[in-house]
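First up is the structure itself, then whatever we jot down about it.
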Amino acid sequence: MDLDRKKGSLDEFSIGQNQEERFLVDIFSQITGRLKQKYNYSYDRIVSLCDSNERLVPIAIFSGKLSPAEALTKYLKENYGMEHREIAVLIGRDKQSVWSNYKRAARKMPWPFEINGSMEVPASIFNFDKSILESLVSYLKDVKKMRNKKIAELLNKNPANIWTTYSRAKKKENKNES
């Protein structure tokens, strides 16, 4: 008899849980819809709000005169206040090279980045298997389904260079899988 009562209460709990879950999902959908519609939030931006550890990097920083590694380290250091060792762990690079990249970037461009509504990518896409540019191009092609021409426009590069970079990244991925 006690077992039946416990089972009944578990059924009530799971029904309540499902109702609450549906309610929360509905509210979340309304909030994300409003953020997308009224405030022009991207999917990545909404995901980053849910994951407070995720850092977003605007693509526009890679279109200037700095190398991709210099631009990334400068942005993470100045805009997120990250230490060199934190950046090194996040992007899978050596702490000394992060320090060197930041020093070169600060010398070449002592002013802060001016970002105006640029598309953003998660900083977690940058890893030690590929170069910064290879990681970025792979993400834009594979995840965002962008064409070489559009990527080239965003990064201020030649479409042929984008093709070469993507091809090199795919070769590295295939090499690592075998």
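Which shape class applies to the range 114-178: rounded if a/c is under 1.5, otherwise prolate when a/b exceeds b/c and oblate if not, where a ≥ b ≥ c are the square roots of the Cα gyration tensor eigenvalues? Because a/c hits 1.5 or more and a/b fails to exceed b/c, the range 114-178 counts as oblate. The modelled label-to-label distance between Ile115 and Glu153, using points 7 Å beyond Cα along the C-beta direction, is 2.2 nm.
Computed from label points 7 Å out along Cα-Cβ, the spacing between Glu21 and Thr164 is 5.1 nm.
Across the range 79-89, computed HN-Hα scalar couplings (Karplus, 6.51 cos²θ - 1.76 cosθ + 1.60, θ = phi - 60°) run 8, 10, x, 7, 7, 4, 5, 5, 5, 4, 5 Hz from first to last residue, x flagging Gly and Pro. Of the cross-linked pairs Lys145/Lys170; Lys103/Lys157; Lys141/Lys175; Lys65/Lys103, those separated by over 21 Å at the C-alpha level are Lys103/Lys157. For Leu56, nonlocal amide neighbours, meaning residues 5 or more places apart or on other chains whose placed amide H falls under 5 Å from its own, are Ala123.
Packing, as the average of other Cβ atoms within 10 Å across residues, places the peptides 106-119, 55-68 in the order 55-68, 106-119, highest first. If the segment from Ile31 to Tyr80 were pulled out straight at 0.36 nm per residue, it would be longer than the present Cα-Cα gap by 15.1 nm. Packing around the peptides 33-40, 147-154, taken as the average count of other Cβ atoms within 10 Å per residue, puts them in this order, highest first: 147-154, 33-40.
Coordinate-derived values only; no laboratory data. Here the structure is a predicted model, which is why all the values come from computation and not from measurement. Every residue, glycine as well, gets a Cβ built from its backbone with ideal geometry; the counts of neighbours run over all protein chains shown.
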